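The values are calculated or read from the model by the stated rules, or taken from the named source; none is laboratory data. Just so you know, these numbers come straight off a predicted model, no measurement behind them. For neighbour counting, all protein chains shown are included, and Cβ atoms are generated from backbone atoms with ideal geometry for every residue, glycine included. Note: areas computed on protein heavy atoms with side chains; ligands, DNA, RNA excluded. Shrake-Rupley method; radii C 1.70, N 1.55, O 1.52, S 1.80 Å.
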Amino acid sequence: MNKILGDASSPVADQVWFEEFRKTSKYKNLIGRPVAYFCAEYALDDKLPLFAGGLGVLAGDLIKEAGDQKLPLVAVGLYYHRGYVDETDTEKASKGVSRLGPASFEQVVNSGGKPIIIKVPLYDREVLIKAWEKIIKGTWLILLDTDLDGNTPSDRLITDKLYTNDKETRLKQNIVIGIGGQRFLEAMRVHPSIYHINEGHSAMLALELIYLQMKKRHLNFNDATQFARQHMVFTNHTLVPAGNEVYSNDLVALMLSKYSEALGVPVSELIKLGLVQESSIFSMTMMSLRMSRTISAVSKLHAKKAKEIWADHPMIGITNGIHIKTWDMIKKDSGKAGELWRIHQTRKQALLNFVKEKTGKDWSANHLLLGWARRIVSYKRPLAILDDLPKILEICRNSERPVRLIMSGRPHPGDEKGARMVKEIVSLSEGKLKDVLVYLPGYNIEIAKLLVAGCDAWLITQIVGFEASGTSGMKAAINGVLPISTRDGWIDEIEMRGKGWLIENENVTADLMKTLEKYVAPLYYNIDSNGIPAQWEENMRNSRRMVLSNFNTTRMLREYIEKLYL
């Protein structure tokens, strides 16, 4: 028996569950008082650079699934005019980054057709905020924008770039999305029953919920805080310190001073909600943990690891999934021998054509093709496959079983170590590994879809315990691309036999070399009389079934409803 999410239901059962749920009084209540989903980034398409990586991709997949299932949900975020600025993409950098136009979004207006403008206290002034809206597969997406004439030049740039390096601007963004997001919902007469903050950027939402209860119900601060806590849930995505935003208490106090006066509560009381104990540091994650009635991790292993860090804030493990309609490029496989392989070869050739167009390298579709693509950061160990150059060259240049490698990805702005790793990969792809390695710059949704459908095997090399879930491997597996992975994130929940290969965490490079040489390449090149690697194709089908059955947003959204929202 497979060790896959023993308590998970089948795709058919999940669909039946949603059909039944839509008949209940609980669903009808949500129509009047929907779920409000707050996230700092959303990946919808490459024309809208509103995302940096996995968090945004998950949020985009989630709101598409909510639309598919007709779940009353309104999503709130920020309208970044220049989006995510990839400083490693030298081609784009040399041309400059153009500002994003309305891009099929419409400005949010009131019943009289006039634009809705709200104000949020910041320092000793007020910042004006407008919003743009768009329906994504039936889900309402609202993005806040501070680029208004009445704002100071610096305030107009609050929503200019995603994950800017400037800490003060980042904190302003968090206040705008959290406090401003709730004020906009109030102005639009949307009254959610539950607020789901996806990662800690939106934690300031709690302050506005407190403010509303103090104003409307005349509750004191402590009672209003308890009320707010009962209406917020929080999904944590990272255990890595860099992923948990912290600020000096002094900066937060200065920025919230006017808000504190309006609330009639000393700013020190507001600071306590996010205070890291025995420090002068304010943490968005700590505020999220303290102000949420229920907290979810994004895999079962993540929930266990989180307990070691935040023992007082237990998390429910709701493993991430992917939106099947978005990421499945195979679509249909009857199960006939050779059919899945032939479909895959078509997708592989499309990838290789793209590689030739971008790099001039003309590779054969018959060669074993490995892929590594995601955010480039130390704990994901992008250089693991390259740390033993003589061995990887020996494996790749084997005349009987040649191997080729494609890498892509980008670091966050300001991540100097990540930028150095990109330079090293590029240098190797143009030098010592020129004939066997390609690096594709400008990593985006288009490139991701080509890679997860066109590679033969997918490298997942991160340090165990650092990747909370990881969904790139799910996107590859749904397309029959076999995982070669450490036992981290969602991989810890599966039986890998017949689907891919596990590699050691401690000796990742050495074990990866051995696995490629002794198991992966021999299986790939074990071809029958029809030119099909029969066992490899069977493993491809096993990988597809695994994701279709368990690692999809239909199951994930059902668990959100059952374990978080209701």
- Amide H to amide H, which residues 5 or more places from Gly317 or on other chains are under 5 Å from it, using H placed in the peptide plane? Ala297
- Nearest 20 debye, what's the magnitude of the dipole of region 431-523 about its Cα centre given +1 on Lys and Arg Cβ and -1 on Asp and Glu Cβ? 300 debye
- Item | Where only alpha carbons of region 139-291 are counted, the Rg and the Dmax (Å) | 15.0, 42
- Note on the structure: region 320-431 accessible area per residue, 1.4 Å probe, protein heavy atoms, integer Å², reads 46 Å²
- If you take the Cα Rg of region 355-425 and divide it by 2.2 N^0.38 Å, with N the number of residues, what do you get? 1.23
- Item | Convex hull (Cα only) mean projected area of region 271-373, reported in nm² to one decimal | 12.0 nm²
- Extreme residue, positive dipole direction of the chain, given options Val252, Thr326, Leu523 (C-beta unit charges): Thr326
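Rg/Rh for region 415-460 to two decimals, with Rh computed the Kirkwood way over all alpha-carbon pairs.
Values: Rg = 12.0 Å, Rh = 12.0 Å.
That ratio equals 1.00.
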- Message: I'd like the orientation of helix 339-359 relative to the chain: the angle between its Cα long axis and the longest Cα principal axis, in ° from 0 to 90, rounded to 10.
- Response: 80 degrees
- Task: Mind giving me the FRET efficiency for Ser427 and Ala13? R0 is 56 Å, r the Cβ-Cβ distance, nearest 0.05 is fine.
- Result: 0.65
- Along region 43-56, what does the Karplus equation 6.51 cos²θ - 1.76 cosθ + 1.60 (θ = phi - 60°) give for ³J(HN,Hα), rounded to whole Hz, x for Gly and Pro? 9, 10, 7, 5, 6, 10, x, 9, 8, 10, x, x, 4, x
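Would you please classify the overall shape of region 305-422 from the alpha carbon gyration tensor, given that a ≥ b ≥ c denote the square roots of the eigenvalues, rounded means a/c under 1.5, and beyond that prolate means a/b larger than b/c while oblate covers the rest? Write out the running numbers ahead of the final one.
Values: a/c = 2.08, a/b = 1.29, b/c = 1.62.
Note, shape of region 305-422 comes out oblate.
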- Over the C-alpha atoms of region 122-184, what are the Rg and the largest Cα-to-Cα span, Dmax, in Å? 12.2, 41
- In whole Å, largest first, what are the principal axis extents of the Cα atoms in region 253-306? 42, 23, 14
- Query: Between the helical axis of 300-309 and the dominant principal axis of the chain, each derived from Cα atoms, what acute angle in degrees is found, rounded to the nearest 10?
  - Reply: 50 degrees
- Item | Vicinal HN-Hα couplings computed from phi for region 22-39 (Karplus, 6.51 cos²θ - 1.76 cosθ + 1.60; Hz; Gly/Pro x) | 5, 8, 8, 5, 4, 5, 4, 5, 5, 4, x, 10, x, 7, 9, 10, 9, 8
- Query: To the nearest µm²/s, what D does Stokes-Einstein give for region 195-235 at 25 °C and 0.890 mPa s, using the Kirkwood radius over alpha carbon pairs as Rh?
  - Reply: 240 µm²/s
- Just give me a number: lysine pairs in region 229-363, eight or more positions apart or cross-chain, with C-alpha atoms less than 16 Å apart. 4
- Task: Give the value in nm², to one decimal: projected area of the alpha carbon convex hull of the chain, averaged over all directions.
- Result: 26.2 nm²
- Note on the structure: Answer in debye to the nearest 20: the dipole magnitude of the chain about its Cα centre, from +1 Lys/Arg and -1 Asp/Glu charges placed on Cβ, is 1120 debye
- Message: What number comes out for accessible area per residue over region 434-566 if the probe is 1.4 Å? Units Å², please.
- Response: 30 Å²
- Message: Computing the accessible area with a 1.4 Å probe over protein heavy atoms, can you report the carbon and sulfur percentage for the chain?
- Response: 51 percent
- Message: Please list, ordered by chain and number, the residues whose modelled amide H lies under 5 Å from the amide H of Met232; skip anything fewer than 5 residues away on the same chain.
- Response: Tyr195, Arg293
- Message: Based on alpha-carbon atoms only, what is the radius of gyration of region 413-566 relative to the globular estimate 2.2 N^0.38 Å?
- Response: 1.16
- Query: Angle, helix 534-550 long axis vs. longest principal axis of the chain, Cα atoms, 0 to 90°, nearest 10?
  - Reply: 10 degrees
- Please list 48-59, 391-402 highest first by mean number of surrounding beta-carbon atoms within 10 Å per residue. 48-59, 391-402
